[in-house]
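Structure first, then comments.
The values are calculated or read from the model by the stated rules, or taken from the named source; none is laboratory data. These numbers were taken from a predicted model, which means no experiment stands behind them. All Cβ positions, even for glycine, are placed from backbone atoms using ideal geometry, and neighbour counts span all protein chains on display.
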Amino acid sequence: MASKTMLKLGELKPVPGSRPKRQRIGRGHGSGMVKTGGEGGKGQTVRSGGGKGPAFEGGQTAWARRLPHRRGYSQKARDRGHFGTRFAVVNLQRLASWDPAVEVTPESLRERGLVKGTYDGVKILRARAGVALPAGLRFRDVLFSNGAREALGAAGASLEDASP
């Protein structure tokens with residue numbers, strides 16, 4: 001019978017390479033961390049929170065200040081993060097094993113793990129031709145690509161579009 005070796009707290013040590021050696025600042029030219037010690041130059045760039053803002057254009061009049069000042073100016077063309085539309089996407093081939101008795105809605109897709117979040121809506125896309133779809137699928141509150149609409153129409157599905 002082989003003797004078991006017990007692990008002792010005093011013998012624990014990190015995996016080699018998982019704890020890199022700390023950088024020693026201001027210890028000679030060979031270290032590469034002399035003079036400013038990794039802090040950059042003097043003045044604005046050294047200070048906490050210093051530097052130029054994201055809208056700074058090198059001293060040129062900033063974009064927001066060059067705009068005509070009128071009511072209702074829209075930034076929709078510029079700001080995709082706030083004004084863009086994001087859809088949760090489901091490919092048709094993932095619905096090949098869907099039970100036709102269950103209506104396909106954003107909530108039912110989320111319950112079955114086909115989408116993580118619904119974002120601004122759910123869109124069904126046609127992935128590839130030749131996928132056999134169950135007859136009689138019912139859709140509610142989802143959007144469709146043109147290819148997916150044709151494929152589902154050919155399979156006899158009833159489509160109720162969501163408003164985009």
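Of note:
- Scanning the range 114-124 turns up no residue that is surrounded by fewer than 16 Cβ atoms within 10 Å (Cβ to Cβ) and of a type in the set (A, V, I, L, M, F, W, C).
- Checked against the criterion of being closer than 30 Å to ALA64 by Cα and out of contact with any helix residue (DSSP H, G or I) (no Cβ under 8 Å at 6 or more places or on another chain), the candidates GLY136, GLY130, GLY84, GLY153 yield just one match: GLY84.
- In the range 123-152, the residues that are among the hydrophobic types (A, V, I, L, M, F, W, C) and assigned to a strand (DSSP E or B): ILE124, LEU125, PHE139, VAL142, LEU143, PHE144
- Check on ASP161, of a type in the set (Asp, Glu), farther than 14 Å from TRP98 by Cα and under 21 Å from the mean Cα position of the chain (by Cα): no
- Every residue from the range 95-122 that is part of a strand (DSSP E or B) and more than 23 Å from the chain's Cα centre (by Cα): VAL104
- Residues in the range 65-78 include none that are at pLDDT 85 or above and within 30 Å of TYR119 (Cβ to Cβ).
- Residue in the range 1-47 that is surrounded by the fewest Cβ atoms within 10 Å (Cβ to Cβ), counting only those that are within 37 Å of the chain's Cα centre (by Cα) and outside any loop (DSSP other than H, G, I, E, B): GLY43
- Selection count where residues are farther than 16 Å from LEU109 by Cα, among the charged types (D, E, K, R) and crowded, with 16+ Cβ neighbours inside 10 Å, scope the range 132-164: 1
- All told, VAL90 falls short of being part of a loop (DSSP other than H, G, I, E, B), at negative phi and free of Cβ contacts under 8 Å to residues at least 60 places away in the same chain.
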